[in-house]
């Protein structure tokens, strides 16, 4: 993920589920099975892929020119099932519509792809451990993952990581760390799913195309127009969390990175753009998505985050270059590991703490509605009297008597209720870990992966 102080979040990152993503189709929501969402409906996807638009950039990028192209992508990391659902949707769309499937990897990001969180234990003992699959010093601060060399993988004793480490090590001969993790994770996921690997391209390859690089020339020729139209579009979408480009006197920030081998990437602006060679200039997140949708893809599959804030790209390119981007769609999924909690179990520490403290005073919490009604009636009478009214004291004694009788009659239920509340409070952190939707897909069983595959494809038929 690109640093917020320098650029926008990458549109290919997968954010938590969003409630305002327009028309949706959902599969298995609330069933304990994976919950998959696509937007808009599949029929709209199909209409975008029934014809291809002509673009010289496709041939220059080595992509098919005789059929439609459907694209998606993500950072070169060991991703979660929400991203896996995009890969499944990409495969299904390409097969149904005889389109080329293309997966783009943003290798301009400065990330450590070797970091992986692992769930350890079960229920009461559940906790998280973090492992680094790369030797210390492999990833350097601020250096894009595409500017780092591929690396041997550190062997892991943890049973969940041993096979993963061996798989990643097979790709240590790749040109960069981005290509190593990018190819390894996509090919591994495709092997699990039993599907063909899509054509994989990288952000660092985009400007090999003269057509796509001409957009950089447009920036260089009029940086103010580029930055101002970008910022105007950002301003119309404040909830997207995208930072505007800086415009300061003669220095105009541009949506580009300068990336050199083993060096920290540099934010490009109007004063330093000529210091970098063509092959050293890479698009930032929104620009990468914009040029892919403008010249390469007939349909682009985002996750829930990109589906929202890539609307900035649409408005920016329309206002700046009078270019209409090809349609985008959204696929996301929530699939949770079985870590000792029932699928319908809910542990809310705030509610549990409230219940613990209030069960002695609220009979309804143990199912005694009759006593609750008597209690509420007395409380209302007390509240309606003046503070020094003598009747108030009498009613208060009656209230205490009602509650005392309630506590005696329901002593066992109250003890159990308090115990359950205390357990809920103690297990709140474990439940949060178990409820996390971002565990890597490699921790799921084959039948769970197959279930996600079926749920995703069911929405596209």
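Read-outs: derived from the displayed coordinates by stated rules, not from any lab. Quick caveat, the model's predicted, so the values are computed rather than measured. Glycine gets a Cβ as well: all are built from the backbone with ideal geometry, and neighbour counts include every protein chain shown.
Need one number: % antiparallel among DSSP beta bridges in the chain, to the nearest 5. Approximately 65 percent, going by the DSSP bridge assignments.
Fully extending the segment from residue 208 to residue 123, taken as 0.36 nm per residue of separation minus the present Cα-Cα distance, adds 25.5 nm. The order of the peptides 247-257, 449-459 by mean Cβ neighbours within 10 Å, most packed first, is 449-459, 247-257. With neighbours defined as other Cβ atoms within 10 Å of a residue's Cβ, the residues 86, 140 order from fewest to most as 140, 86. Peptides 329-335, 440-446 ranked from most to least packed give 329-335, 440-446, packing being the mean of other C-beta atoms within 10 angstrom over each peptide's residues.
Each of 268, 215 was scored by other Cβ atoms within 10 Å of its Cβ. Arranged with the fewest first, they read 215, 268. Counting neighbouring Cβ atoms within 10 Å and putting the fewest first, the residues 190, 81 line up as 190, 81.
Grouping the Cα pair distances of the stretch 269-381 into 5 Å bins from zero gives a pair-distance distribution of 2, 8, 11, 10, 8, 8, 6, 5, 7, 7, 7, 6, 6, 4, 2, 1, 0 percent in increasing distance order.
Inter-label distance, residue 51 to residue 197: 3.5 nm, where each label sits 7 Å from its Cα along the C-beta direction.
In terms of the mean number of neighbouring beta-carbon atoms within 10 Å, the peptides 356-363, 290-297, 368-375 order highest first as 290-297, 356-363, 368-375.
Largest first, the three principal axis extents of the alpha carbons in the stretch 52-110 are 33, 29, 13 Å in whole numbers.
Multiplying the residue separation of residue 409 and residue 166 by 0.36 nm and subtracting their alpha-carbon distance yields 81.3 nm. The relative contact order of the stretch 360-461 comes to 23 percent, based on Cα pairs under 8 Å that sit 6 or more residues apart.
So what does log10 I(q)/I(0) come out to for the stretch 51-191 at q = 0.13, 0.17, 0.21 Å⁻¹, using the Debye formula with one equal point on every Cα and no solvent? Ignoring solvent entirely, the Cα scatterers give -0.67, -1.00, -1.28. Summarised in one figure, the compactness ratio Rg/Rh of the stretch 115-248, Cα atoms and Kirkwood Rh, is 1.09. Each of [x] 23.7, 73; [y] 27.8, 92; [z] 22.8, 66 is a candidate for Rg and Dmax of the Cα atoms in Å; the one calculated from this structure is [y].
Computed from Cα positions, the angle between helix 446-458 and the longest principal axis of the chain comes to roughly 80 degrees.
In this simple spin-label model, placing a label point 7 Å from the Cα along the Cα-to-Cβ direction at both residue 438 and residue 263 gives a separation of 3.2 nm.
What's the long-distance tail for the stretch 349-434, i.e. % of Cα pairs beyond 16 Å? Roughly 59 percent, rounded to a whole number. The angle separating the long axis of helix 210-221 from the principal Cα axis of greatest extent in the chain is about 80 degrees. Relative to the current alpha-carbon distance between residue 454 and residue 41, full extension at 0.36 nm per residue lengthens the span by 147.0 nm. Against the chain, whose longest principal axis comes from its Cα atoms, helix 177-193 is set at around 60 degrees.
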